[in-house]
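Notes follow once the structure below has been shown.
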Amino acid sequence: MALSLQLDRQSSVPLARQIQIHIERLIREKYLAPGVKLPATRELALALGVNRTTVALAYEELVAGGQARAHVGQGTFVAAPAAGESRPAPPTPARIPLDWSRLFSRSAHMAGSRADRRAAVPAGARPLISFAEGTPDSGMFPTDAFRRVLNQVVKSEGTALLQYPPGGDGYPSLRTYLATYLLRFGVEAREDDILVVNGSQQGFDLIARTFIDPGDVVAMEQPTYPRAIDVFRSAGAQIVPVPWDREGPSADALEQVLMRHRPKLFYCQPTAHNPTGLTMTPEAARRVLDVVARHHVPVVEDGFDGSLYYGERRPFPLRALDRDGLVLYIGTFSKVLFPGLRLGWLVAPPPVVERLRAAKQLADLGTSPLIQAAVHRFCERRLLDRHVARIGREYDRRRSTLLEALGRHMPEGVSWTEPRGGFSLLVTLPAGCDATGLLPRALRRGVGFTPGARFFVDGSGDRTARLSFSSVPVKRIEDGVKRLAEALADWRRSGGPRPAPERLEALVV
Ligand SMILES: Cc1ncc(COP(=O)(O)O)c(C=O)c1O
């Protein structure tokens, strides 16, 4: 680490003291974090043009004051503040500070207001069994195999892969692979129909930038994935919900919404829906496609990878049934491989791909060619197929264990969806019980979940909770469900149902 510091050689303050004061400020104002190694005395002395003993003296004072620790033979390190000690806040600058929030865009305000708030686990609670993480289990990651392919591509193609991606596309072989891969799911896409993106999330963002002006309407299935809602909202869209029934988003409700609100897009997750785990039946999918075709409204299909499904029949993406070219299909390696890759793809008609690619150029100049090449090699060697077969079996076991445990332990009045894909299911709690209110009781009992309201566009869904099974080992699932049942019993004991809204109004009046 280098340190730049203007020493005042005319000052009456000794040079060692000036160095000490400077480093103390950097520590106090958190520019230097605990554990960071200070520059070697010789190095800093050389950089500042002072004697080495001057720097050594400054460091000794820092150590004496508890700001740093010296480790013989290793150097001097910033110390962690002692328990209970808080380093004073930085002094307020003399001039009126700039009010940044006045300058933030509407979109930035929107994004900030929607930042996820996490409930804190109360002190003294039991160790947590968390059904809140809808992520792949990192314990099953094929890390070593991936490290090997990464090494191989760096060795064989490193210089090209570490350059800017030419034309923003980076690694055409991955698109060639994807075109073949998607045929397994009935999706016919040529290389020119595919844009590689930094995860599905970037796919939503590029679609929003390309299609949405402030004030436009986006129709979205309900419940649905909250981060997709956030993207369209922060682009200035008004979101109109289309409720799911057992089979998929209701085609009748969709038709009403399309007629009344004339949305630009309809977003849905037909296969492995988050939060319910349901998949659209082929009949429901055809009804939806028929409606959007009659009204000329494109569909944004957020397609959880079709390889991870439970039961007999692999679900069909809408895109596979789309004869009118209206479906923009988004896929990702986040669930079947690693979310940390930030790698996904978008399938769209070439003129749309061109626009999306232009938006992507503005956003990031392209997805990492290195990551694309490593994933391509991983897939080509059939390592992905092997991995998916293994994790698919395990997630299926977790899903069945959760369903059985819910059947055994949930009290009357609780119902849940039966997932056919994905990582989670949606529980509906007894009348009067809201999931946000239940959560602190559940955390005290040592179980976590995601309150369902976040998945509802119109502020409903208070009585629902998402349970994700992907990250909970089989042997802990039943215990987690028992704890949830205990939390529900606590809730009943503490007064049970709250007055229904009408009752509450009567009380207020
Ligand atoms: C339905 C859905 N869509 C998209 C995403 C984001 O995926 P990615 O990691 O590809 O951005 C998630 C992540 O949980 C998701 O559940």
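Rounded to two decimals, what is Rg over Rh for the chain when you use alpha-carbon atoms and the Kirkwood radius?
On the Cα set of the chain, Rg over Rh gives 1.05.
So what's the stretch 364-416 giving for Rg/Rh, alpha carbon basis, Kirkwood Rh from the mean inverse pair distance?
Value, to two decimals: 1.33.
Relative contact order for the stretch 165-290: what percent, with Cα pairs under 8 Å and sequence separation of 6 or more?
So the answer I get is 21 percent.
Beyond 30 Å between alpha-carbons counts as too far, so tell me which of 155/475; 155/360; 37/335; 335/475; 335/482; 30/155 fall in that bin.
Listed pairs above 30 Å: 155/475; 37/335; 30/155.
What number does the stretch 376-452 give for Rg over Rh if you use C-alpha atoms and the Kirkwood radius?
Checking Rg against Rh, the ratio lands at 1.13.
Along Cα→Cβ, 7 Å out, is where each label goes; now give me the distance between the ones at residue 293 and residue 126 in nm to one decimal.
In this crude spin-label approximation the distance works out to 5.4 nm.
If each residue of separation counts as 0.36 nm, what is the full-extension length gain between residue 262 and residue 324 once their alpha-carbon separation is subtracted?
Length gained between residue 262 and residue 324: 20.5 nm.
List, in order, the whole-Hz ³J(HN,Hα) value for each residue of the stretch 228-240 obtained from phi through the Karplus relation with A = 6.51, B = -1.76, C = 1.60 and θ = phi - 60°; use x for Gly and Pro.
Along the stretch 228-240, the couplings run 6, 4, 4, 4, 5, 5, 6, 7, x, 7, 8, 9, 10 Hz.
List the trypsin sites (Lys or Arg not before Pro) within the stretch 298-401 that fall in a DSSP loop (any state other than H, G, I, E or B) and whose Cβ has at most 13 other Cβ atoms within 10 Å.
Within the stretch 298-401, the qualifying trypsin sites (Lys or Arg not before Pro) (loop, at most 13 other Cβ atoms within 10 Å) are 313, 323, 382.
Sort out for me the Cα centre separation of the stretch 413-444 from the stretch 227-277, rounded to whole Å.
Value for the Cα centre distance between the two parts: 22 Å.
Whole number please: convex hull volume per residue of the Cα set in the stretch 369-509, in Å³?
Measuring per residue, one finds 152 Å³ for the Cα hull of the stretch 369-509.
Run the dipole for the chain about the Cα centre, Lys and Arg Cβ at +1, Asp and Glu Cβ at -1, nothing else charged, and hand back the magnitude in debye, nearest 20.
1240 debye
Averaging sequence separations of C-alpha pairs under 8 Å and six or more residues apart, then dividing by the length of the chain, give the relative contact order as a whole percent.
18 percent
Compute the Cα gyration tensor for the stretch 241-286, then decide on rounded, prolate or oblate, letting a ≥ b ≥ c be the square roots of its eigenvalues: rounded whenever a/c is under 1.5, prolate when a/b is larger than b/c in the other cases, and oblate in all that remain.
Note, shape of the stretch 241-286 comes out prolate.
Rank these for me by crowding, 295, 387, 273, going from fewest to most other beta carbons within 10 Å.
Ascending Cβ contact count within 10 Å gives the list 295, 387, 273.
Helix 199-211 sits at what angle to the longest principal axis of the chain, using alpha carbons and giving 0 to 90 degrees rounded to 10?
Approximately 70 degrees, to the nearest ten.
Out of residues 5 or more away from residue 447 or on other chains, whose amide H comes under 5 Å of its own, with H placed 1.01 Å from N in the peptide plane?
Counting only residues 5 or more places away or on other chains, the set is 129.
Any idea what angle helix 474-493 forms with the longest principal axis of the chain, computed on alpha-carbon atoms, 0 to 90 degrees, nearest 10?
Roughly 80 degrees, rounded to the nearest 10.
Taking the Cβ of each residue in 364, 396, 322 as the centre, tally the other Cβ atoms inside 10 Å and list the residues starting with the fewest.
Lowest count first: 364, 396, 322.
What is the set of long-range amide H partners of residue 267 at a cut-off below 5 Å, with H atoms built 1.01 Å from backbone N?
Correct list: 219, 220, 221, 300.
Helix-only estimate, please: 222 nm mean residue ellipticity of the chain, summing -39500 (n - 2.57) across DSSP H runs of length 4 or more and dividing by its residues, to the nearest 500.
Helix contribution divided over all residues of the chain: -13500 deg cm²/dmol.
What nm value, rounded to one decimal, do you get for the distance between residue 6 and residue 29 when each label is placed 7 Å out toward the C-beta?
Going from the residue 6 label point to the residue 29 one covers 1.3 nm.
Name the residues of the stretch 201-233 whose amide N is less than 18 Å from a point 7 angstrom out from the Cα of residue 358 along the C-beta direction?
205-214
Taking the Cα centroid of the stretch 282-349 and of the stretch 61-81, what is the distance between the two, rounded to the nearest whole Å?
Centre-to-centre (Cα) distance: 57 Å.
Provide 12, 200, 105, 234 in ascending order of the number of other Cβ atoms located within 10 Å of each residue's Cβ, fewest first.
Ordered by Cβ neighbours within 10 Å, fewest first: 12, 105, 234, 200.
List, in order, the whole-Hz ³J(HN,Hα) value for each residue of the stretch 280-296 obtained from phi through the Karplus relation with A = 6.51, B = -1.76, C = 1.60 and θ = phi - 60°; use x for Gly and Pro.
Here the 3J(HN,Hα) series is 5, 6, x, 5, 5, 4, 5, 5, 4, 5, 5, 5, 5, 5, 5, 9, 6 Hz.
Of 261, 273, 248, which is farthest towards the positive pole of the chain's charge dipole, taken about the Cα centre with +1 and -1 on the beta-carbons of Lys, Arg and Asp, Glu respectively?
The one lying farthest along the dipole's positive direction is 273.
Per residue of the stretch 307-324, in order, report the coupling 6.51 cos²θ - 1.76 cosθ + 1.60 (Karplus, θ = phi - 60°) as ³J(HN,Hα) in whole Hz, putting x for Gly and Pro.
Couplings: 6, 9, 9, 10, x, 6, 10, 5, x, 8, x, 4, 4, 6, 9, 6, 9, 10 Hz.
Amide H of residue 332 versus every other amide H placed in the peptide plane: which residues, excluding those fewer than 5 positions away on the same chain, fall under 5 Å?
Residues meeting the criterion, in which the H sits 1.01 Å from N, are 305, 345.
Once you have a ≥ b ≥ c as the square roots of the Cα gyration tensor eigenvalues for the stretch 180-320, tell me rounded if a/c is under 1.5, and otherwise prolate or oblate according to whether a/b is larger than b/c.
Oblate, since a/c reaches 1.5 and b/c is not below a/b.
No lab work stands behind these numbers, since they all come straight from the coordinates. The structure displayed is predicted, hence computed values, not measured ones. When we count neighbours, we look across all protein chains shown, and the Cβ atoms used for this are built from the backbone with ideal geometry, even at glycine.
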